[in-house]
1. Filter segment 526-566 for residues that are touching a residue at least 40 places away in the same chain (Cβ under 8 Å) and farther than 19 Å from residue 338 by Cβ; which is nearest to the chain's Cα centre (by Cα)?
2. Does segment 213-225 include one or more residues that are among the basic types (Lys, Arg) and open to solvent by less than 30 Å² (accessible area, probe 1.4 Å)?
3. Would you check if residue 272 is in contact with a strand residue (DSSP E or B) (Cβ under 9 Å, 6 or more places away or on another chain), within 24 Å of residue 297 (Cα to Cα) and charged (D, E, K, R)?
4. Applying the selection to segment 362-415, what residues are assigned to a strand (DSSP E or B) and aliphatic (A, V, I, L, M)?
5. Restrict the check to segment 416-435 and report whether at least one residue is within 20 Å of residue 565 (Cβ to Cβ), touching a helix residue (DSSP H, G or I) at 6+ places or on another chain (Cβ under 9 Å), open to solvent by less than 10 Å² (accessible area, probe 1.4 Å) and aliphatic (A, V, I, L, M).
6. Residue check: is residue 42 at pLDDT 95 or above and in contact with a strand residue (DSSP E or B) (Cβ under 6 Å, 6 or more places away or on another chain)?
7. For segment 381-400, name all the residues that are touching an Asp or Glu at 6+ places or on another chain (Cβ under 9 Å) and either over 26 Å from residue 342 (Cβ atoms) or open to solvent by 40 Å² or more (accessible area, probe 1.4 Å) (or both).
8. Looking at segment 547-575 only, could you name the residues that are assigned to a helix (DSSP H, G or I), among the polar types (S, T, N, Q) and crowded, with 20+ Cβ neighbours inside 10 Å?
Amino acid sequence: MTIAAPPVDLTLLAPLLERYNGRSREALLPFLHQAQEIYGWLPPNVQEAIGKTLRVPLADIHGVIEFYTMLYNEPTARQVIRVCEDLACSQEGSHAVIHAISEATGLEPGETNANCSLTFEAVPCLGMCEHAPCALNGEQPAGSLTAENVPDFLAGNLPEPNARPRGGPFIKLARIGKIDPSSLADYEAHSGYDGLRKAVNMTPEVLVETVDSFAILGRGGAMFPLGRKWFFTRSASDDPRQKHIVVNADESEPGTFKDRCLMEEDPFAVIEAMTIAAYAVGAENGWIFVRGEYPRAHARLHHAVDEAMKAGYLGKNILGKPGFNFNVSVRLGAGAYICGEETALFEAIEGKRGFPRIKPPYPTTHGLFGQPTAVNNVETLVAMLAALTIGEASWNMIGSDKSPGTKLFCVSGDVADPGIYEVPFGLTIRNLIGMAGGVPHGRKVQAVLMGGAAGVFIGSDKLDTPLTYEDAQRAGIPLGSGVIMVFDETADLRQHLVELAHFFAHESCGKCFPCQIGTQRQLEILDRIANNGGPRSSDKQLLLDVGFTMTETSLCGLGQTAASAIVSAIELWPELVE
């Protein structure tokens, strides 16, 4: 449906133009978000005014808007309905929900109604897989949708879903459900800022050594030792004004929702943890980049930063420590999975399209704005805070020798009790599925997707693998971002492979040809197999060849892992493509 462009009153933009006057390109993304809130989209004369204010070429403004799926250069409604159609939601009935919304609104996905009051979209993962099927009504999240409760959803009458902490012992999740996420006093009453006080009583060098002794590996999937990263960043420069702490909160992979739970339910912990990181590496600049589909997390983190600043936990001479200065900016993404790649995230913060950079050089020496940067995942920092608060001895008593402490796992799919599980390293996959109530209706496990969309499928023969880094590595199973998505014997794996392929084809940034072309070719083959003629004798080898090429020649982790789950599935169950 073609929508006529409504009149554009530039006087509405005047307060923003005044607020951003004198700012540089790094302010582009928040400026675009706020302008779009006014008009519902970004008209050409609005783009021109923004470009003049920030001194950014209009062509670059166009490029940024077209890169992100949540920024619009054509008339779009201020109210956007977004329904997830990825694996977990699809398995739980999201397509019936999409159909019911279409019936109720008269809109197909991708359409805006005639009076420009409502836009309807079917989108990739919204990061609420434990509440599948899920959706956003504007900024209001909703879960456990059915065709029957669609009218309540459209009216905004459904309760907002909250985190479901499960497992134990709770260290990282200890405050969730027990405190008001907006209350600094509540946070302080539950050991809040004890870790920072302990940290500033050490020298930064001793703090880095202490954190290194916790043996915390990156919880976002890369598994790089946290202490080593801090050591390299600290050694890169002596000028704290030119160092950065970046929190990678662009959690966008199907099946992953652990960071959302932490940011929404315990936002002060994220702020405290990155403040400790700043003291350790000697940085004055902090940035949190939150995915655009997490408006509630974005709002709560903003509030937490403001409250921490008022209380003296941010700003100058923190906790009375002369020269310990640290400020935090919270940035909202706009719908681009590639921005979870650390260098693409830097580009986004800098006001550019989120294209990944070639490495080396690495972020510890040439990161945000070309300056030394420690970039960490949300859970990684909160794990450090937990370990520092309870002490090394207590931390090492949990888990295994080589994988101490606890890990957050995102359990979803065909289990009775999906949610975020904090458990000691060492439980088996079967143990964890059992903790989640097992597979309903007496059905059996057909497959488990481990590590997320960029992970691998396993069959029931590997369910007794212990969940430690060392055991998972021996078994060839990535722990990744902690995804454990279960599919019972009724699941249509062939169709789920199409959904995985669609996700990567949709999210490829297009900077390198192996990923840009390979993800599209992968989708074409799998869609034909599942929906348009069935398999051909050459399909398995073609998919393996495409996967190998992407893995070996793509520029960044997206292309290098875009075929991982699909290749693992067709090797386990060749009948899917033969």
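1. Only one residue fits best here, namely 526.
2. Initial filter on segment 213-225 (among the basic types (Lys, Arg)): 219.
Checking the rest, the ones that are also open to solvent by less than 30 Å² (accessible area, probe 1.4 Å) come to 219.
Yes - at least one qualifying residue is present in segment 213-225.
3. Values: in contact with a strand residue (DSSP E or B) (Cβ under 9 Å, 6 or more places away or on another chain): no; within 24 Å of residue 297 (Cα to Cα): yes; charged (D, E, K, R): yes.
The answer is no for residue 272.
4. Filtering segment 362-415 down to residues assigned to a strand (DSSP E or B) leaves 373-377, 399, 404, 406-413.
Residues satisfying the conditions are 374, 375, 408, 411.
5. Start the filter on segment 416-435 by keeping residues that are within 20 Å of residue 565 (Cβ to Cβ), which leaves 418, 429, 432-433.
Okay, now just the ones that are also touching a helix residue (DSSP H, G or I) at 6+ places or on another chain (Cβ under 9 Å), so 418, 429.
Restricting the remaining residues to those that are open to solvent by less than 10 Å² (accessible area, probe 1.4 Å) gives 429.
Now restrict to residues that are aliphatic (A, V, I, L, M): 429.
Yes, some residue in segment 416-435 is within 20 Å of residue 565 (Cβ to Cβ), touching a helix residue (DSSP H, G or I) at 6+ places or on another chain (Cβ under 9 Å), open to solvent by less than 10 Å² (accessible area, probe 1.4 Å) and aliphatic (A, V, I, L, M).
6. Details: at pLDDT 95 or above: yes; in contact with a strand residue (DSSP E or B) (Cβ under 6 Å, 6 or more places away or on another chain): no.
The answer is no for residue 42.
7. Listed by number, the residues that qualify are 389, 400.
8. Just the residues of segment 547-575 that are assigned to a helix (DSSP H, G or I), to begin with: 547-553, 557-561, 564-572, 574-575.
Filter once more, keeping what is among the polar types (S, T, N, Q): 549, 551, 553, 560-561, 564, 568.
Once the filter is applied, which keeps residues that are assigned to a helix (DSSP H, G or I), among the polar types (S, T, N, Q) and crowded, with 20+ Cβ neighbours inside 10 Å, segment 547-575 yields 561, 564, 568.
The values are calculated or read from the model by the stated rules, or taken from the named source; none is laboratory data. This one's a predicted model, so the numbers in the text were calculated from it and none came from an experiment. As a convention, Cβ positions derive from the backbone with ideal geometry for all residues, glycine included, and neighbour counts pool all protein chains shown. The area values use the complete protein model at the heavy-atom level, side chains included, leaving out ligands, DNA and RNA. Shrake-Rupley method; radii C 1.70, N 1.55, O 1.52, S 1.80 Å.
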